[in-house]
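The values are calculated or read from the model by the stated rules, or taken from the named source; none is laboratory data. Predicted model, so just to flag it, every value in this text is computed and none were measured. No Cβ is skipped: glycine too gets one built from the backbone with ideal geometry, and neighbour counts run over all protein chains shown. Side chains are part of the model used for accessible areas, which takes the heavy atoms of the whole protein and leaves out ligands, DNA and RNA. Shrake-Rupley method; radii C 1.70, N 1.55, O 1.52, S 1.80 Å.
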Amino acid sequence: TSPADPFTYGGPGGKQRMIPDEDTGELRPYTRVSTVAATLDDKASLGYWQAWMALKGAADPEGQQLWNRALHAERTPRQTVSDLIDLGGGRDAAERGTRRHSVLAMALTGADMSSMPDQARRELDAIVAIVHEMGRVRAVEAATVCDQYRTAGSVDMVLDGPHGAPVVVDFKTGN
C-alpha cells in the first residue's frame, strides 16, 4: 500500500480491495468501485482513442515491422495492438495523467511547489484557486468504502458543496 493507494489487494485475480471486517478484523474482498462503474460506462470513446493510438503506432517504421510480424503469425494480435498503442503514445498519455493527478494532490494538500517551472506553477496555482472557489477541500486522493455494496475505491477529491453536502470531484487530464 501507499499514501495514494492505502488498500491491500487480494481476492480472485488479486485485484479486489481487501477490507477488514469491523467485528472480526478478517480481510474480505470488496469489488473496486471502478469495476462497478465500468459496467455502466460507455467504453466507445476509450476504444476509439486506443484505436487512434494504435494507428499512430502503425504509422511508425517500428510499428510497420510489428504489423508485418503479426501478419506472418510471429505475434498475437493482442500483443501487436498493445505494442502499437504504446508506440503511438497511449502509455505515455496514461502516465502523464497519473503524474498530473499526483502533482495536483500535492498542491491541494499544501506541499511546497516553488521548485516547479514558473509557467507550470502559475497554471497549477490557477487550478488550485478555482478548486478553493468551489468549496472547502475535505479530502484529496481519499480511500472510500461502502459496506452496504461491498465496494471500495478512491476519489480524486471531496469538497464541501452547497449547504455542506459533499461533492466528489474526478479530475480529467486528457486533451
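Annotations
- Between GLU95, GLU22, GLU141, the Gaussian network model of the chain with springs among Cα atoms under 10 angstrom shows the greatest mean-square fluctuation at GLU22.
- Fraction of alpha-carbon pairs over 23 Å apart in the chain - percent: 59 percent
- Here the simple spin-label model places points 7 Å from the Cα toward Cβ, and for ARG122 and GLN79 these points are separated by 4.9 nm.
- Relative contact order %, the chain, counting alpha carbon pairs below 8 Å whose residues are six or more apart: 18 percent
- Length added when fully stretched, ALA44-ASP86, from 0.36 nm per residue minus Cα-Cα: 13.2 nm
- With all protein chains kept in place, the per residue accessible area of the chain amounts to 69 square angstrom at a probe of 1.4 angstrom.
- Cα centroid separation, the stretch 102-143 to the stretch 43-85 (Å): 37 Å
- Surface composition of the stretch 21-133: carbon plus sulfur atoms hold 55% of the accessible area, using a 1.4 angstrom probe and ignoring ligands, DNA and RNA.
- Ligands, DNA and RNA aside, LYS15 has an accessible area near 140 Å² when probed at 1.4 Å.
- Separation in nanometres of the label points that stand 7 Å from Cα toward Cβ, at ALA142 and ARG28: 2.3 nm
- A simple rule links phi to the HN-Hα coupling: the Karplus curve 6.51 cos²θ - 1.76 cosθ + 1.60 with θ = phi - 60°, which for the stretch 83-91 gives 5, 5, 4, 4, 5, x, x, x, 5 Hz, with x for Gly and Pro.
- Per-residue ellipticity at 222 nm, computed for the chain from helices alone with -39500 (n - 2.57) per DSSP H run of at least four residues, works out to -15000 deg cm²/dmol.
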